[in-house]
Amino acid sequence: MRDRRRNRGSRNPLSIVIVGAVFLIGTGAVFALGYLIPSAQLLTIVLGVLVFVGVTLAMRMIMGSAWAYWYTGPVVAIALIGTVMLAEDVALSQSGEVTKVVVVDHKVEVKTRHDSSSSRSRKAYTHTYTLERTDGSPVAEPLIYRGKDGFDDFDEGDTITVLIDPEGTAPTQPVDDVDLGSDIGVIVTGLVASGIVFFICGIVVLLRWTRSPAPQIVR
């Protein structure tokens, strides 16, 4: 039984290199999709989730331990979340117009979602803020916030400053929420931490390879 446990996981150092390369390529693809098609935010998130699942499962197989989920998953998730945020903010900062608008309506949609694996249910909140320019002309793209509390400081009748994409491909956002520096910081943190994890895992796999018994020649 002990021998079987010792033999779990990959003994090929190249496997870590391949997974690391796939992770970088996948992260680049998430950024490209979010930047080129900012209106497809859901699709960008789905692609990010697929990259996350693929990398964490691959690391689980390579390391041969469920602990790989815990030391790989969080750092990979941080890098991908930062990538999604940066792609959307870069697209909006380049094409968006800084505009003062008035909040004319605020609606909250609450959906109850049931978990098939549990008797509990959770509520999903979507806040939709209808806007118009200070000259009275309507803004086609509303301000949308998904979360329980919405924008705490925004009420009907308030005048706020937002970034609006004239072509409507990027979602409307408050100017203060578009922070490229913070997005880059999140990505760098995730990528550096991921690189450290991949490096350490690569050393472990390399040690397995060097300690593996030499093949015996049968005469």
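The values are calculated or read from the model by the stated rules, or taken from the named source; none is laboratory data. Since the structure is predicted, the reported quantities are computational estimates derived from the model, not experimental observations. Don't worry about glycine lacking a Cβ; one is built from the backbone with ideal geometry, like all the others, and counts go over all protein chains shown. Keep in mind that these areas ignore ligands, DNA and RNA; they rest on the heavy atoms of the full protein, side chains included. Shrake-Rupley method; radii C 1.70, N 1.55, O 1.52, S 1.80 Å.
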* **Residues (open to solvent by 30 Å² or more (accessible area, probe 1.4 Å) and either of a type in the set (Val, Ile, Thr) or on the phi > 0 side of the Ramachandran plot (or both)) located in the range 144-159** => Ile144, Gly157, Thr159
* **Candidates Val162, Val139, Val178, filtered to the one that is without any contact (Cβ under 8 Å) to a residue 60 or more places away in the chain, touching a Leu at 6+ places or on another chain (Cβ under 7 Å) and surrounded by 18 or more Cβ atoms within 10 Å (Cβ to Cβ)** => Val139
* **Selected residue [over 30 Å from Phe23 (Cβ atoms), of a type in the set (D, E, K, R) and within 23 Å of the chain's Cα centre (by Cα)] from Asp149, Asp155, Asp177, Asp105** => Asp149
* Asked: Does the range 32-44 contain any residue that is closer than 30 Å to Glu156 by Cα, in a loop (DSSP other than H, G, I, E, B) and free of Cβ contacts under 8 Å to residues at least 24 places away in the same chain?
  -> yes
* Which members of the range 35-70 meet the condition of being open to solvent by less than 30 Å² (accessible area, probe 1.4 Å), under 16 Å from the mean Cα position of the chain (by Cα) and among the aliphatic types (A, V, I, L, M)? -> Ala40, Val51, Val55
* To do: Identify the single condition in (1) under 23 Å from Ala40 (Cα atoms); (2) in a strand (DSSP E or B); (3) of a type outside the set (Val, Ile, Thr) that Gly168 does not satisfy, given that it satisfies every other one.
  => (2)
* May I ask you to list the residues in the range 13-29 that are open to solvent by less than 50 Å² (accessible area, probe 1.4 Å), aliphatic (A, V, I, L, M) and without any contact (Cβ under 8 Å) to a residue 24 or more places away in the chain? => Ala21, Ala29
* Asked: Does any residue in the range 195-212 that is in a helix (DSSP H, G or I) come within less than 8 Å, Cβ to Cβ, of a residue that is among the charged types (D, E, K, R) six or more places away or on a different chain, and which pairs are these?
  -> Val205/Arg11; Arg208/Arg11; Trp209/Arg11
* To do: Give the range 67-116 a look and list any residue that's in a loop (DSSP other than H, G, I, E, B) and either among the polar types (S, T, N, Q) or modelled with pLDDT of 90 or more (or both), or say none.
  => Ser116
